[in-house]
Amino acid sequence: MYTRILVPVDLDNIDKLTKALDLAGRTAKETGAEVVYVDVVDAAPSMSARTDGERMAARLKNFAEDQAKAHGIRTHDHVALRGDLHLNVGSDIIKAAKENECDLIVMATHIPGLKEHILSSNGGYVATHAPMTVYVVR
């Protein structure tokens, strides 16, 4: 049913992604899909010649390999540089899903707070604007 599943990850908060990671792993195994793990990082200039994206690439690659072993699935990693620091990362997640030809996005979210009643959450934005199926896991 699905061929490529995109899972946005924040490698500093993996403990909050367990349900989404497990759902993506099970779905990929059942359908033979590949899972693409994406981390959206800031493209802000720094004193270093390397961008945040270059620094995160090795860490994300190791994470994807660990998920492949844990779930018995094919994986791919993709570091996306954040397009606009003033917007939420939802548009960057959708762009990464399109670039990787994903037909499903599985993403974790949290219980909405006051801020989400005023501004859209990342999960809400992706679910509303993505042209592919989106599973938002709480």
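One table, with the values for the structure above:
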read-out	value
Relative exposure of ASP12, ASP77, judged by other C-beta atoms within 10 Å (fewest first)	ASP12, ASP77
Under Karplus coefficients 6.51, -1.76 and 1.60, residue-wise ³J(HN,Hα) of the range 16-27 in Hz, glycine/proline x	8, 10, 3, 4, 5, 5, 5, 5, 4, x, 5, 5
Amide H contacts of ARG82 (H built 1.01 Å from N, under 5 Å, at least 5 apart or other chain)	VAL41, ASP42, ALA43
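Only the coordinates and a few stated rules stand behind these numbers; no lab work does. Please read these numbers as outputs of a predicted model, since none were measured by experiment. With ideal geometry, Cβ positions are generated from the backbone for all residues, glycine too; neighbour counts draw on all protein chains shown.
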